[in-house]
Every structure is written in C-alpha cells, then in structure tokens.
Amino acid sequence: MSKVYFIDFHTHARQNIFQKLEILLEKAGFDQMDMEQKFVAIKMHFGEPGNLAYIRPNFVAPVAKKIRSKGGFPYLTDANTLYKGGRSNAVDHLQAAHANGFNYPTTGCDVIIADGIKGTDYREIEINQKHCKTAKVGSAVADADVLISMAHFKGHEMAGIGGTLKNVGMGSGAVGGKLEMHSDASPVINRSHCTGCEVCVENCAHDAIHLDEESIATIDYDKCVGCGQCIAVCRYDAPQPASDSEFMQEKMVEYAWAILKDKPAFHISFISDVSPQCDCWGFNDIPLVQNIGILASTDPVALDRACTDLVNEAPALPNSQIGKTWKPGDDKFNLVFPKISWKKGLDYAEKLGLGEQKYELIKVG
Ligand code: SF4
Ligand code: SF4
C-alpha cells in the first residue's frame, strides 16, 4: 500500500506553513532523493492570467532551496497550451508566470518553458501503449534528471479531477502532444441549453465553433481539437464532453507514464482553492470545499486518489456551485461534471503500473 503524507493548514506562532511543509517533505522521503549535480524540473502550473487559484509561488522557494542544498539545479517549468489565452507561446507564458510571481526573487529559481517559443521543442518518447505509440514531451521536462511535481488539486472539465497525473501527463505535453491527447474529446452541443451568447465563439482558438442559422452554437469537427475551452466558458452547460473523454484521460496517463517510467520523481499536491474547473481558465469560481492541506508521495496515483477522497469527505461550501445540491456521500466532481468519471484515469494509471489507489494517509506536522 502506498504512503501519502499530509499536513493541514492549521498554523500558530511557533509553526508556520513553511515549517510544516519542511516536515512534510522530510517525512515523505524528499531528502532521500539523489539530486547531486542533477537538473531538477519543478513541474507546475503558473496560472492563466485572471485565475487566482494556482499554487502561491512562495511555496516553491523552500522546495528549490532544498534541491540546491542537495547539489541539484532546480528550474520551474510548464509547457504551452493548446487554446487561446495567456500561455500559448513562451513569450506570453513567461509574462504570465512572472505576473503571477513565479520568478527568481520569489522562488529562488528561473522559469524555462518546457516546449519552447511555439510549442515545437519536444522529445518524442517511444511508449507503444494502447493509444499513443510515442509521447511528445516538452524538452525541459524530458531532459530533466529528476522531476518534482507541484500540483494544484481541483476539478477538471475533461478529466473530472485535475491533480498530479494531469500536471505531469497533460501539462508536460508539447502543443502537438496536447493535441494528440485531446483529439478524441471534441464536445457536443446540447442545443436546448444554448442561448446563442457567443462567448464560446469568442474563446475558441481554432475558429471551430459558430452560431448556426437558428443562433445555436455548432462545432466544425474538422477544426475542433477538443481543448474543452467552450465547455469551460459556457455558463449554460451547452457544450458537453463527448463520452470518449475517457480516451483523453487514458492518453494523459500514457503521457505521464512516458515521463515517469525511468525518471526519479516526487509529487506534492495542494488542496487549496479547489475550484470546479482547471487553472487553465482565466477565472476561478468559489471553491467546492474549504482549504484542506498539502499532500506528498512518490506514488502519483495514490496521491490523486487521496486528494479526491479528502475533497469528497469534506462538506461542500454552501455558496459553491454544488452547495445547494450536495449531500454527504456525494461525489463532488461527479456533481460538477456528471458525464465524466475521474476514476477511469486512475484505474488506467494503476493498470499501467504508475501506482496504486490503495494508500495509507499519514498525517505529519
Ligand atoms: S454554447 Fe454556451 S457559450 Fe456558446 S453560444 Fe451557446 S450558450 Fe453561449
Ligand atoms: S470547439 Fe470547443 S473544444 Fe473545439 S477547439 Fe473550439 S473551444 Fe476547443
């Protein structure tokens, strides 16, 4: 059974959250990792401009300091996005990272955008899995000797949950890799929900969604890359994930496997500001639950499962999206995304040997 270590956010005058984070890292085995003369990628999400749910950059500083003290060379990294926004090329992405506080003075290390200026700087890793024969992984992740994942745990419109497997698998994919992972997941429009407001039209980076003669959104599937942005921006739930979003989850897991199969890795996950949707969107709604804590493990599957369970065990915030409908025992992510099963991704990850869903939760600090 995998071990998942956990600190809550309670602090007092003699122990602040950074001191608790130090204890978490130590207990979870961070200090045992060999980083001497190694390039250590800290993979995280710098937050889409307009979104404030991402992990505070202050949390990176103690991690980077520890890596340096062990003789490693830390850097922060993430790959460019598929969709229109503030992180679709390295110039905008760096600007977004700096605006959100991810810079040397705050974190103690620099940012390297994983797949370069236009998303074309990647390594093609042969994996020969069910869906992907190769994985196009951003070079700054693929070339790292050691990977530290710092993930913000929240909901996700295509995978149900967005945690460590998504941070590593989807997040490290170069633009072409992200395209491959999304290619079976084009949404369908529920015509009775559509008001013709055109918010989706304005937000589709691929000119794939327009209003038809009845002023209802319609998708051109020759152009749609399945990025899910229309799902995120529509306030009327008209675009809905296609049933084969399961394929997207499985491909994302195959990418995570490509990255982790022969790279030492350590995973940290923050259950704070648990927004219903991903940090990829330029907004974040009221959290589903109160802030819970920080978890760490060398098993990404156990870590995602533990985070999911902790969020599901907590009471829903009454003013959140699910506050009026939630009852104890409900799966919160399923309430937000009724057509998506987050478990599919975890089951497939377990099948590939990335980790196990049975875990022992060990509270420290
Ligand atoms: S699908 Fe949603 S965002 Fe697009 S036009 Fe219809 S109601 Fe507006
Ligand atoms: S139609 Fe929706 S899923 Fe398809 S490319 Fe446009 S925003 Fe992305």
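The values are calculated or read from the model by the stated rules, or taken from the named source; none is laboratory data. Please read all numbers here as calculations on a predicted model, not as lab measurements. Here Cβ is always computed from backbone atoms with ideal geometry, including for glycine, and neighbour counts include all displayed protein chains.
Go through M252, M248 for me and flag whichever is modelled with pLDDT of 95 or more, surrounded by 20 or more Cβ atoms within 10 Å (Cβ to Cβ) and either within 18 Å of I340 (Cβ to Cβ) or within 11 Å of ligand 2 (Cβ to nearest atom) (or both).
On the way: M248 fails: modelled with pLDDT of 95 or more.
Exactly one of M252, M248 is modelled with pLDDT of 95 or more, surrounded by 20 or more Cβ atoms within 10 Å (Cβ to Cβ) and either within 18 Å of I340 (Cβ to Cβ) or within 11 Å of ligand 2 (Cβ to nearest atom) (or both), namely M252.
Determine whether C224 is within 14 Å of ligand 2 (Cβ to nearest atom), surrounded by 16 or more Cβ atoms within 10 Å (Cβ to Cβ) and not in a loop (DSSP other than H, G, I, E, B). So that I can check it myself, show each step before the final result.
Working: within 14 Å of ligand 2 (Cβ to nearest atom): yes; surrounded by 16 or more Cβ atoms within 10 Å (Cβ to Cβ): yes; not in a loop (DSSP other than H, G, I, E, B): no.
So C224 fails the test.
Among the residues of the range 202-221, the ones that are more than 9 Å from ligand 2 (Cβ to nearest atom) and either surrounded by 16 or more Cβ atoms within 10 Å (Cβ to Cβ) or over 24 Å from M181 (Cα atoms) (or both) come to 6 in all.
Specify the residue that is farthest from G47 (Cα to Cα); the eligible residues are those in the range 159-199 that are away from ligand 1 (no atom under 16 Å from the Cβ) and part of a loop (DSSP other than H, G, I, E, B).
Applying the first criterion (away from ligand 1 (no atom under 16 Å from the Cβ)) to the range 159-199 yields 159-185.
If we keep only those that are part of a loop (DSSP other than H, G, I, E, B) too, we end up with 159, 163, 174, 183-185.
Working: A159: 18, G163: 14, A174: 17, S183: 24, D184: 26, A185: 23 Å.
Checked the range 159-199; the qualifying residue farthest from G47 (Cα to Cα) is D184.
Answer yes or no: is there a residue in the range 116-125 that is in contact with a Pro (Cβ under 9 Å, 6 or more places away or on another chain) and of a type outside the set (F, W, Y). Checked against the condition, which is being in contact with a Pro (Cβ under 9 Å, 6 or more places away or on another chain) and of a type outside the set (F, W, Y), the range 116-125 yields no hits at all. Here is a list: G86, G101. Which entry is in contact with a Pro (Cβ under 6 Å, 6 or more places away or on another chain), at pLDDT below 95 and among the small types (G, A, S)? Every option except G86 fails the conditions.
Just checking, which of D222, D207 is away from ligand 1 (no atom under 16 Å from the Cβ) and of a type in the set (D, E, K, R)? Break it down stepwise before answering.
Numbers: D207 fails: away from ligand 1 (no atom under 16 Å from the Cβ).
Only one candidate qualifies: D222.
Of the candidates V188, V141, V199, V146, the single residue that is over 24 Å from N334 (Cβ atoms), within 11 Å of ligand 2 (Cβ to nearest atom) and either hydrophobic (A, V, I, L, M, F, W, C) or in contact with a helix residue (DSSP H, G or I) (Cβ under 7 Å, 6 or more places away or on another chain) (or both) is V199. As a summary of the residue check, E157 satisfies the conditions (1) in the same structural domain as I294 (by TED's automatic domain parsing); (2) under 18 Å from the mean Cα position of the chain (by Cα); (3) farther than 21 Å from A53 by Cβ except for the one numbered (3).
With respect to G85, is the statement that it is touching a residue at least 12 places away in the same chain (Cβ under 8 Å), at positive phi and under 20 Å from the mean Cα position of the chain (by Cα) true?
On the way: touching a residue at least 12 places away in the same chain (Cβ under 8 Å): yes; at positive phi: yes; under 20 Å from the mean Cα position of the chain (by Cα): yes.
For G85, the condition - touching a residue at least 12 places away in the same chain (Cβ under 8 Å), at positive phi and under 20 Å from the mean Cα position of the chain (by Cα) - is met.
Taken over the range 202-218, residues that are among the aliphatic types (A, V, I, L, M) and either outside the structural domain of Y236 (by TED's automatic domain parsing) or at pLDDT below 95 (or both) amount to 2. The criterion of at least 2 residues that are crowded, with 20+ Cβ neighbours inside 10 Å and at pLDDT 95 or above is met, among strands (runs of 3 or more DSSP E) falling completely within the range 256-365, by 265-271, 293-297. Listed conditions (1) in contact (Cβ under 8 Å) with a residue 40 or more places away in the chain; (2) more than 19 Å from the chain's Cα centre (by Cα); (3) within 23 Å of K263 (Cβ to Cβ) are all met by K43, apart from (2).
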